[in-house]
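Enquirer: Quick one: the structure is below, and I'll ask about it shortly.
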Amino acid sequence: MRKIAIITGGSRGIGAATAELAAKAGYDICLNYLSNQARAAEVVATCEALGARALAVQGDVASEPDMAALFTTCDSALGPVDLLVNNAGIVGKTSRVDTLPAAALEHVFRVNVFGSIYCAQQAVRRMSSKYGGKGGAIVNLSSIAATIGSAGEYVHYAASKGAIDSFTVGLAREVGREGIRVNSVQAGTADTEVHTLGGGNPDRPAMVAASAALGRVATPYEIAEAILWLGSEKASYATGIVLRVGGGL
């Protein structure tokens, strides 16, 4: 029997790559997207071609009602979730801290932190033995920014990902004996669109490539492979870890 994965922010980049690899690994896919229905439909078609049942559900991760509806839709269409990938996130406006608009700060935290917690709440209510569930795995997407701080550009983003790492460790300890493993991938810069959206720095991938030990940025699939490993039984004794996949940064 195929397991079921919910992947937020799945219409592009790391989310889309994770959906494809999960479909290959035997998961049926419930894909969340914010606005690009056409791209989400393409990812669904790719997953279906790989033998998975798949659907795309529109919703804003920053909205608790939207995320509750995402999980309810998955329950009805596919069944209860086995793997949650909290991938949706934004870099936000490039800014020093002293000139960062309050609205931009709030938006980054609502998407990156609140959204991950909203989804984890829904997943725990389905996975936990406390609620009659059969267990499962949650993988949160962090960033090496949480460690290096991203001074002069994305300190607010780095802080949001630091919160994700703390949330990962705390939740893992909270639900470990209820059959749920919780881990995060502290991803390095990947070749995706995220740095061109919402006022980000489109030159950042080239900057990172110049300083990374491997001399390049990651592909989305390299990050997705780490996500799928943490979600799989191959990582059955891994919980509460922050796995750094940063190309040597």
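What follows draws every value from the coordinates through simple rules; no lab data is involved. The shown structure was predicted, so the numbers you read here are calculated from the model rather than taken from an experiment. Cβ coordinates were reconstructed from backbone atoms using ideal geometry, including for glycine residues, and neighbour counts include every protein chain displayed.
Enquirer: Springs between alpha-carbon atoms under 10 Å, Gaussian network over the chain: tell me which of Gly26, Gly176, Gly132 tops the mean-square fluctuations.
Expert: Gly132
Enquirer: Sticking with this structure for a sec: Lysine pairs in the chain with alpha-carbon atoms under 22 Å apart, 8 or more places apart or on different chains: how many are there?
Expert: Number of lysine pairs found: 7.
Enquirer: Taking θ = phi - 60°, what integer Hz values does the Karplus form 6.51 cos²θ - 1.76 cosθ + 1.60 yield along the stretch 96-101, in sequence order, with x for Gly and Pro?
Expert: For the stretch 96-101, the Karplus-derived couplings read 5, 4, 6, 10, 6, x Hz, x marking Gly and Pro.
Enquirer: Specify which residue in the list Leu230, Tyr118, Ala163 is farthest towards the positive end of the charge dipole of the stretch 3-245, using unit charges on the beta carbon of Lys, Arg (+1) and Asp, Glu (-1), about the Cα centre.
Expert: Leu230
Enquirer: Choose one answer from Gly152, Gly136, Gly13: the residue with the largest mean-square fluctuation in a GNM of the chain with alpha-carbon springs under 10 Å.
Expert: Gly152
Enquirer: Which residues does the label zone of Ser236 cover in the stretch 5-33, counting backbone N under 19 Å from a point 7 Å along Cα→Cβ?
Expert: 25-27
Enquirer: Sort Ile6, Ile148, Ile117, Ile164 so that the residue with the fewest other Cβ atoms within 10 Å of its own Cβ comes first and the one with the most comes last. Before the final figure, lay out the partial values.
Expert: Numbers: Ile6 30, Ile148 12, Ile117 18, Ile164 22.
Neighbour counts put them in this order, fewest first: Ile148, Ile117, Ile164, Ile6.
Enquirer: In percent, what relative contact order does the chain have, based on Cα pairs under 8 Å that are 6 or more apart in sequence? Write down the numbers at each step before the final one.
Expert: Working: 544 pairs, mean separation 47.4, N = 249.
Relative contact order, the chain: 19 percent.
Enquirer: Related question: Step through the residues of the stretch 105-119 one at a time and calculate ³J(HN,Hα) from phi using the Karplus curve (6.51 cos²θ - 1.76 cosθ + 1.60, θ = phi - 60°), rounding each to whole Hz and writing x for Gly and Pro.
Expert: 4, 4, 5, 4, 6, 5, 6, 6, 9, 4, x, 5, 6, 4, 5
Enquirer: Next question. Select from Glu174, Glu106, Glu20 the residue whose mean-square fluctuation is largest in a Gaussian network model of the chain (Cα-Cα springs shorter than 10 Å).
Expert: Glu106
Enquirer: OK, next. Work from the charge dipole of the chain (Cβ charges, +1 for Lys and Arg, -1 for Asp and Glu, about the Cα centre) and give the residue of Ala102, Ala146, Asn183 farthest towards its positive end.
Expert: Going by the charge dipole, the pick is Asn183.
Enquirer: Residue by residue through the stretch 232-237, what is 3J(HN,Hα) from phi via Karplus (6.51 cos²θ - 1.76 cosθ + 1.60, θ = phi - 60°)? Round to whole Hz and write x for glycine and proline.
Expert: Each residue of the stretch 232-237 in turn: 9, 5, 5, 10, 4, 10 Hz.
Enquirer: Taking 0.36 nm per residue of sequence separation and subtracting the Cα-Cα distance, how much length would be gained by fully extending the chain between Glu48 and Ala102, in nm to one decimal?
Expert: Between Glu48 and Ala102, full extension yields 15.3 nm more.
Enquirer: Using 0.36 nm per residue of separation minus the Cα-Cα distance, give me the extension gain between Ser211 and Ala68 in nm, one decimal.
Expert: Value of the extension gain: 47.4 nm.
Enquirer: Okay, next question. Under 4.7 Å Cβ to Cβ, no partner at all: give me those cysteines from the chain, in residue order.
Expert: Cys47, Cys119
Enquirer: In terms of modelled amide H atoms, which long-range or inter-chain residues lie less than 5 Å from the amide H of Arg53?
Expert: Ile29
Enquirer: Further question: Taking the Cα centre of the stretch 3-245 as origin and charging only Cβ (+1 Lys, Arg; -1 Asp, Glu), how large is the dipole, in debye to the nearest 20?
Expert: Computed about the Cα centre, the dipole is about 480 debye.
Enquirer: Related question: Averaging over every viewing direction, what projected area does the convex hull of the Cα atoms of the chain cover, in nm²?
Expert: Details: hull surface 49.3 nm².
Hull-based average projected area comes out at 12.3 nm².
Enquirer: Hey, another quick one. Under a 5 Å amide H to amide H cut-off, with H placed in plane at 1.01 Å, what residues pair with Ile180 once short-range neighbours are removed?
Expert: For Ile180, whose amide H was placed from the backbone, the distant partners under 5 Å are Gly136.
Enquirer: If the convex hull of the alpha-carbon atoms of the stretch 65-108 is projected onto planes in all directions, what is the mean projected area in square nanometres?
Expert: Reported value for the Cα convex hull: 4.3 nm².
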